[in-house]
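To start, the structure under review is shown below, and the notes come after it.
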Amino acid sequence: MDPIALVLVFASAGMHAAWNYWAKRAKDSLSFLWGLAAVAPLVAGTVVLADYLIYVSSSGQFGHAPDFSAWKLALLGGVIQAAYFSFMGAGYNRGDLSVVYPVSRGVAPVIIAGLAWVFLHEQPSVVGSAGIIVILIGTLILAYDLLFGETAAAATSRPASSVGFALFAAVTIALYHVVDKAGAQGSSVTSYLFLMETVIILSITPVLLVRKRAAAFRTEFRQNGRLIVGAAVLMYIAYCLVVTAMMRESVAYVAAARNISILVGIVLGATRLREGTLGVRLLAGLLVLGGIFALAVGG
């Protein structure tokens, strides 16, 4: 793999795991992620404006003019990502970062492979099929350690339902990857991201008008406003690094390598948040990561 692309992917993975760690550490993870969704359009809009100013000042030699031709895909992608944030926030409120994060990221490629098999008749190879089995084994180990491990009794809320929300999040990850790829190719990446992230907050707004949820949202923003803004910036940069890496290397390899964040999330959860058994969860994470690479290579 191209060394520069690998550095970009690893940096992106670290940033992605970091803002998820901040979300889990929040008092109300769901409100934290909704706050991130509220700030994200401001970050994306600033980038679009800067890109356009560069375009104008250079007489079109550099930068890009705003291109909103893929608005239909942005609309669909935004609704899906609003569901993703909601499922992840609900999962973090009920269970462990070192389970919810790797399960959601790890099962998503399996779902993508399943959709490709059903709708595109792209049957995975023997190596790819083995990768799917290994991913599922790693996921089961994580779920078992959460529910029946030594620290299971100390779980903060409803650990079983957290696994369910992680699986729902995995479905949304699989769906938005397909939609975002088409959307970014149909317009400029910066314009698409701005549209999509605007749709996310518009999708979430009706829920934020509910009195109880609005109060929790305001409280979380008062307590962790700086972290929420920082998380929104990290999320945007992480995405841009991955897109840049994909310009230098195979998309399949970049997507697989990006999931090194699974191990980062497990280490952060086990060491910083005292979740589960580090050795068991690292083993499960390595199985999930290995399965993802096998699926990427074997197809």
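The values are calculated or read from the model by the stated rules, or taken from the named source; none is laboratory data. All values reported here derive from a predicted model rather than from experimental measurement. Glycine also receives a Cβ, built like all others from the backbone with ideal geometry; neighbour counts cover every protein chain displayed.
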*asked:* Please count how many residues of the range 52-86 are within 23 Å of ALA182 (Cα to Cα) and in contact (Cβ under 8 Å) with a residue 12 or more places away in the chain.
replied: 23
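For (1) part of a helix (DSSP H, G or I); (2) at positive phi; (3) in contact with a Leu (Cβ under 6 Å, 6 or more places away or on another chain), each residue gets a yes or a no:
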{"site": "ALA5", "(1), (2), (3)": "yes, no, no"}
{"site": "TRP19", "(1), (2), (3)": "yes, no, yes"}
{"site": "ALA23", "(1), (2), (3)": "yes, no, yes"}
{"site": "LEU33", "(1), (2), (3)": "yes, no, no"}
{"site": "LEU42", "(1), (2), (3)": "yes, no, no"}
{"site": "VAL48", "(1), (2), (3)": "yes, no, no"}
{"site": "PHE62", "(1), (2), (3)": "no, no, no"}
*asked:* Just checking, does the range 204-215 include any residue being in contact (Cβ under 8 Å) with a residue 12 or more places away in the chain, farther than 16 Å from TYR84 by Cα and of a type in the set (Lys, Arg)?
replied: yes
*When the range 140-183 is examined, which residues are found to be crowded, with 20+ Cβ neighbours inside 10 Å, more than 13 Å from the chain's Cα centre (by Cα) and at pLDDT 80 or above?*
LEU142, ALA143, ASP145, LEU146, SER162, VAL163, PHE165, VAL179
*Quick one: THR46 ticks every box in (1) polar (S, T, N, Q); (2) modelled with pLDDT under 95; (3) surrounded by fewer than 23 Cβ atoms within 10 Å (Cβ to Cβ) bar one, so which box is it?*
(2)
*Would you point out which residue out of ALA255, ALA294 is of a type in the set (A, V, I, L, M), in contact with a Gly (Cβ under 8 Å, 6 or more places away or on another chain), part of a helix (DSSP H, G or I) and touching a residue at least 12 places away in the same chain (Cβ under 8 Å)?*
ALA294
